[in-house]
Amino acid sequence: MKHRVSTNPVNSILFIEDRPTANIPAVDPPTAPAWATPDCIIVKAYPEQDGPTEILLGDLTEVDPGRPPDFTSVLKTPGRRVLVRDVLDEVVVTMPSSRELTRISIWLSHPEWPDRVIIGLD
């Protein structure tokens, strides 16, 4: 099952995690498409004042656009879920995960200001 939502995230970033955590990655270098710790991934989004960011979250086999991902990481998911939230701690979209460690693949529509972010769970 895949989920498609649209949001205007404050600070043009989104957090991908099992639950809000204090183990947030450093955003360095600023040119990277995303940043990760074992508990949290931060991904770029479109500037909130310029328009919405479309987020597509789903199983890797359902959302893979047919090119290599811009970013991959393994995320701890002890609660067996993946949620996407903004800096105001509002959950934008969530999806169950079948594992306690979930491989996350991310595709961006643009390297600097993506108006579409695809998140595949494996």
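State whether the residues of segment 101-117 include one that is within 23 Å of residue 6 (Cβ to Cβ), of a type in the set (A, V, I, L, M) and modelled with pLDDT under 95. Scanning segment 101-117, I find no residue that is within 23 Å of residue 6 (Cβ to Cβ), of a type in the set (A, V, I, L, M) and modelled with pLDDT under 95, so the answer is no. You will find that of 60, 83, 56, the residue that is over 17 Å from residue 27 (Cα atoms) and either among the aromatic types (Phe, Trp, Tyr) or touching a helix residue (DSSP H, G or I) at 6+ places or on another chain (Cβ under 6 Å) (or both) is 56 and no other.
Of the numbered criteria (1) loosely packed, with under 13 Cβ neighbours inside 10 Å; (2) aliphatic (A, V, I, L, M); (3) in contact (Cβ under 8 Å) with a residue 24 or more places away in the chain; (4) out of contact with any helix residue (DSSP H, G or I) (no Cβ under 7 Å at 6 or more places or on another chain), the one residue 91 fails is (3). On the stretch given as segment 22-35, residues that are in a strand (DSSP E or B) and without any contact (Cβ under 8 Å) to a residue 60 or more places away in the chain total 1.
Go through segment 79-104 and give me each residue that's within 15 Å of residue 122 (Cβ to Cβ) and hydrophobic (A, V, I, L, M, F, W, C). Correct list: 82, 95, 101, 104. Out of 73, 105, 109, one residue alone is of a type outside the set (Phe, Trp, Tyr), surrounded by 15 or more Cβ atoms within 10 Å (Cβ to Cβ), touching a helix residue (DSSP H, G or I) at 6+ places or on another chain (Cβ under 8 Å) and without any contact (Cβ under 8 Å) to a residue 60 or more places away in the chain. It is 105.
Rundown of residues vs (1) surrounded by fewer than 18 Cβ atoms within 10 Å (Cβ to Cβ); (2) over 13 Å from the mean Cα position of the chain (by Cα), yes/no style:
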{"site": "14", "(1), (2)": "no, no"}
{"site": "23", "(1), (2)": "yes, yes"}
{"site": "35", "(1), (2)": "no, no"}
{"site": "44", "(1), (2)": "no, no"}
{"site": "48", "(1), (2)": "yes, yes"}
{"site": "54", "(1), (2)": "yes, no"}
{"site": "62", "(1), (2)": "yes, yes"}
{"site": "84", "(1), (2)": "no, no"}
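Comparison of 61, 72, 94, 77 shows that the only residue that is more than 15 Å from residue 7 (Cβ to Cβ) and touching a Leu at 6+ places or on another chain (Cβ under 8 Å) is 77.
The values are calculated or read from the model by the stated rules, or taken from the named source; none is laboratory data. Keep in mind the model is a prediction, meaning the values are calculated, not measured. Cβ: placed from backbone, ideal geometry, glycine included. Neighbour counts: every protein chain shown.
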